[in-house]
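Report on the following structure.
The values are calculated or read from the model by the stated rules, or taken from the named source; none is laboratory data. Just so it is clear, the structure is predicted and the values come from calculations on it, not from any experiment. With ideal geometry, Cβ positions are generated from the backbone for all residues, glycine too; neighbour counts draw on all protein chains shown. For the accessible areas, the whole protein counts, side chains as well, though only heavy atoms, and no ligand, DNA or RNA atoms are used. Shrake-Rupley method; radii C 1.70, N 1.55, O 1.52, S 1.80 Å.
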Amino acid sequence: MSAYLHSRGAALGLPISGTFELTARCNFNCRMCYVHQNGPDLAEKELTAAEWLEIGKTARDMGMVFLLLTGGEPLLRPDFPEIYTGLVKLGLIVSVNTNASLYNEKIRQTFLCYPPARINVSLYGGSEETYGRLCGNASFEKVVKNLRSMKEDGLQVKLNVSLTPYNAGDMKKIDAISREIGLQTKSTAYMYPPIRLTGKTGENAGRFTAEEAGRVMAEWDALRDPEEEFLRRAENFRQNRKAIEADECADANGTGEGIRCRAGRSAFWMTWDGRLMPCGTMPVEEDAPDVRREGFGTAWKRVREYAAAVRTPSACRGCPDRENCPACAAVCKCETGKFDEKPCYLCEMTRSRIRTVLRIADEMERNREK
């Protein structure tokens, strides 16, 4: 149903799904984050609860069905229950991104009364030490306790795992936690350059080299996949067939030169201070629409026009690894500063992942023959 609605939305110019970035503030200070900001007056610049609800109503009236609330850390806002409840009462299907460290009884009761479509929890490691090293906040035990509480309450929870040089040693621990609690888990070792914060392309102090990132992702595949599934993945790589699940924002109707995902076609991202963008990982351009000043309808029209003009690298379209490479318009912009320039980091990472998967698969097959 979601894919169909987005397909129709893209054809009709409707904002089927949106992301509200309620704040750039966070109680964590993760080394690889591309959003987190500090500042004594930051909260004063954020949209108020009333503004978020009014924009949510307008977007809903224009076609929005799905909404993701994110940050920073959205639960940091004292008025989060008010914002969340108000948006759910608009009839929207609402999901929430959180690090789960600030989950408390008030939030719990809010979610029990109005269950989110899904709670996406970032799990950053398997120990207090790892959390301290990567996030600057030793909250591991608190997060796991809250994960158990959510699961026991019957809430829909998914783990998002960002693999970096500071936590990759905890892969087995993270895997064990997700299996024990029974949680769907998604992982990546690709960390976007924080161009929104630094203005610099192709740099992220909290990520692996491209070669290392590909290797770690392959090792995660081997850890999580049943052996037969992993071997099928390897065979698909050998045949240049799709071997990696599509990202949630992927759009099968996206076309060659333009944006291939839903960004700016049937989906949008709104920053904590009211700027509308196709995707939250892109830099906020100086002339990005300001919803407070222009209104949501005008801002969405401008975002669609901006996205329609984007052209991605011609070199990528003929690449044999294209179907298994996570390169997209946002990645190209963050890595190179241009939408139409090939992101070499992604090329190297993808090739490394494929090589490592094939190497591990060969080892599995040799062990079977013994």
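Cβ-Cβ distances below 7 Å connect the following pairs, each with a first residue in segment 346-370 that is in a helix (DSSP H, G or I), a second residue that is β-branched (Val, Ile, Thr) and buried (at least 16 other Cβ atoms within 10 Å of the Cβ), and a separation of six or more residues or different chains: LEU346/VAL331. For first residues located in segment 17-30 and in contact (Cβ under 8 Å) with a residue 40 or more places away in the chain and over 13 Å from THR70 (Cα atoms), partners that are part of a loop (DSSP other than H, G, I, E, B) and of a type in the set (A, V, I, L, M) and lie 6+ apart or on another chain with Cβ distances below 9 Å form the pairs SER17/MET64; SER17/VAL65; ASN27/LEU102.
Any residue at all in segment 167-175 that's in a loop (DSSP other than H, G, I, E, B), on the phi > 0 side of the Ramachandran plot and either in contact (Cβ under 8 Å) with a residue 24 or more places away in the chain or crowded, with 19+ Cβ neighbours inside 10 Å (or both)? Scanning segment 167-175 turns up no residue that is in a loop (DSSP other than H, G, I, E, B), on the phi > 0 side of the Ramachandran plot and either in contact (Cβ under 8 Å) with a residue 24 or more places away in the chain or crowded, with 19+ Cβ neighbours inside 10 Å (or both).
Quickly run through segment 257-280 and pick out the residues that are part of a strand (DSSP E or B) and over 17 Å from ALA50 (Cα atoms). Of everything in segment 257-280, those that are part of a strand (DSSP E or B) and over 17 Å from ALA50 (Cα atoms) turn out to be CYS261, ALA263, ALA267, PHE268, TRP269, LEU276, MET277.
Could you identify the single residue in ARG196, ARG207 that is at pLDDT 95 or above, farther than 15 Å from ASP170 by Cα and either in contact with a helix residue (DSSP H, G or I) (Cβ under 6 Å, 6 or more places away or on another chain) or open to solvent by 20 Å² or more (accessible area, probe 1.4 Å) (or both)? So the residue among ARG196, ARG207 that is at pLDDT 95 or above, farther than 15 Å from ASP170 by Cα and either in contact with a helix residue (DSSP H, G or I) (Cβ under 6 Å, 6 or more places away or on another chain) or open to solvent by 20 Å² or more (accessible area, probe 1.4 Å) (or both) is ARG207. Against the conditions (1) within 15 Å of the chain's Cα centre (by Cα); (2) surrounded by fewer than 15 Cβ atoms within 10 Å (Cβ to Cβ), HIS36 satisfies every one except (2). Would you pick out the residues in segment 206-219 that are part of a helix (DSSP H, G or I) and farther than 14 Å from ARG359 by Cα? Those that are part of a helix (DSSP H, G or I) and farther than 14 Å from ARG359 by Cα: ALA210, GLU211, GLU212, ALA213. Scanning segment 329-343 for any residue that is surrounded by fewer than 16 Cβ atoms within 10 Å (Cβ to Cβ), free of Cβ contacts under 8 Å to residues at least 24 places away in the same chain and more than 30 Å from GLU44 (Cα to Cα) turns up at least one such residue. Applying the criterion of being among the hydroxyl-bearing types (Ser, Thr, Tyr) and touching a Phe, Trp or Tyr at 6+ places or on another chain (Cβ under 6 Å) to the residues of segment 125-160, the residue that is nearest to ASN29 (Cα to Cα) is TYR131. Being surrounded by 20 or more Cβ atoms within 10 Å (Cβ to Cβ), part of a loop (DSSP other than H, G, I, E, B) and on the phi < 0 side of the Ramachandran plot is a condition met by at least one residue of segment 151-165.
On the basis of being in contact with a Cys (Cβ under 9 Å, 6 or more places away or on another chain), in contact (Cβ under 8 Å) with a residue 12 or more places away in the chain and either surrounded by 15 or more Cβ atoms within 10 Å (Cβ to Cβ) or not polar (S, T, N, Q) (or both), does PRO283 make the cut? So PRO283 passes the test.
Yes/no matrix, rows are residues, columns are (1) at pLDDT 95 or above; (2) hydrophobic (A, V, I, L, M, F, W, C); (3) in contact with a helix residue (DSSP H, G or I) (Cβ under 9 Å, 6 or more places away or on another chain); (4) in a loop (DSSP other than H, G, I, E, B):
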| position | (1), (2), (3), (4) |
| --- | --- |
| MET282 | no, yes, yes, yes |
| GLU286 | no, no, no, yes |
| ARG292 | yes, no, yes, no |
| VAL303 | yes, yes, no, no |
| THR312 | no, no, yes, yes |
| PRO320 | no, no, no, yes |
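For segment 239-258, indicate whether the set of residues that are in contact with a Leu (Cβ under 7 Å, 6 or more places away or on another chain), among the aliphatic types (A, V, I, L, M) and either free of Cβ contacts under 8 Å to residues at least 60 places away in the same chain or under 30 Å from MET364 (Cβ atoms) (or both) is non-empty. Within segment 239-258, none of the residues are in contact with a Leu (Cβ under 7 Å, 6 or more places away or on another chain), among the aliphatic types (A, V, I, L, M) and either free of Cβ contacts under 8 Å to residues at least 60 places away in the same chain or under 30 Å from MET364 (Cβ atoms) (or both). Annotation note: of ILE107, ILE93, the sole residue that is among the hydrophobic types (A, V, I, L, M, F, W, C) and in contact with a helix residue (DSSP H, G or I) (Cβ under 7 Å, 6 or more places away or on another chain) is ILE107. Among the residues of segment 286-312, those that are open to solvent by 50 Å² or more (accessible area, probe 1.4 Å) and over 20 Å from THR48 (Cβ atoms) comprise GLU286, ASP287, THR298, LYS301, ARG302, ARG304, GLU305, TYR306, ALA308, ALA309, ARG311. From the list ARG275, ARG262, the lone residue that is charged (D, E, K, R), touching a Gly at 6+ places or on another chain (Cβ under 9 Å) and under 13 Å from THR19 (Cα atoms) is ARG262.
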